[in-house]
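This report refers to the structure that appears directly beneath it.
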Amino acid sequence: MKFSKKAKIITGVFICLLTILSIGVIYIISQINKFEISKNDDYEKEMSSIFFISEYNEFVPVEYKECIHRYFIQNDFLYGEKRDKYFLTTIKSRAKDVIAFGDLSNQDSNVKPDIAFLLEENDFKSNFILFFCILQKIIKIRSKKC
């Protein structure tokens, strides 16, 4: 069986594209695995230092916890000079009173509810309130020191 020159070229191009696609998929999988490994190293310890009491597990969904975790990391609340300066309440009976969910941004009610939470400052005189407005995976953060 003989193949025409055109069929050989198309087959060659197809094999090249398939090879490039396979390499790309392998690369993406390796990057995901690297992220998971780095996430597992300190992630649990960081999450338990933010959500110090187990009561938060009862009513704060994981995706919101991850947003809060990301905020703590980006603003040096875990490792930088602000380490241990701000924290969620550690008083079990107040845990449900310092976090609120709802349409806080007055946006479309068909998306996930926004979250507001109160951070205490380590001087025990000041508070810091944060609003995470989640709209189609775009997170806008507003804060106000009380």
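The values are calculated or read from the model by the stated rules, or taken from the named source; none is laboratory data. Just so you know, these numbers come straight off a predicted model, no measurement behind them. SASA here: full protein model, heavy atoms, side chains in, ligands and nucleic acids out. Shrake-Rupley method; radii C 1.70, N 1.55, O 1.52, S 1.80 Å.
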HN-Hα couplings for the stretch 57-65 via Karplus (6.51, -1.76, 1.60; θ = phi - 60°), in whole Hz with x for Gly/Pro, come out as 5, 6, 9, 9, x, 4, 5, 6, 4
Expected unfolding gain across K45-K6 under the 0.36 nm per residue rule, minus the alpha-carbon gap, is 8.1 nm
Which ³J(HN,Hα) values, rounded to whole Hz and listed in residue order, are derived for the stretch 72-83 from phi using the Karplus coefficients 6.51, -1.76 and 1.60 in 6.51 cos²θ - 1.76 cosθ + 1.60 with θ = phi - 60°, glycine and proline given as x?
4, 5, 5, 9, 6, 7, 9, 10, x, 5, 8, 3
Going by accessible area, probe 1.4 Å, with all protein chains left in place, what is the ranking of I15, I129, largest first?
I15, I129
Put R94, R83 in order of accessible area, largest first, 1.4 Å probe: what do you get?
R83, R94
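When the solvent-accessible surface of protein heavy atoms is calculated with a 1.4 angstrom probe, in what order do Y71, Y79 fall, highest first?
Reading off the accessible areas and sorting them downward yields Y79, Y71.
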Mind grabbing the accessible area of E120 for me, 1.4 Å probe, Å², rounded to tens?
20 Å²
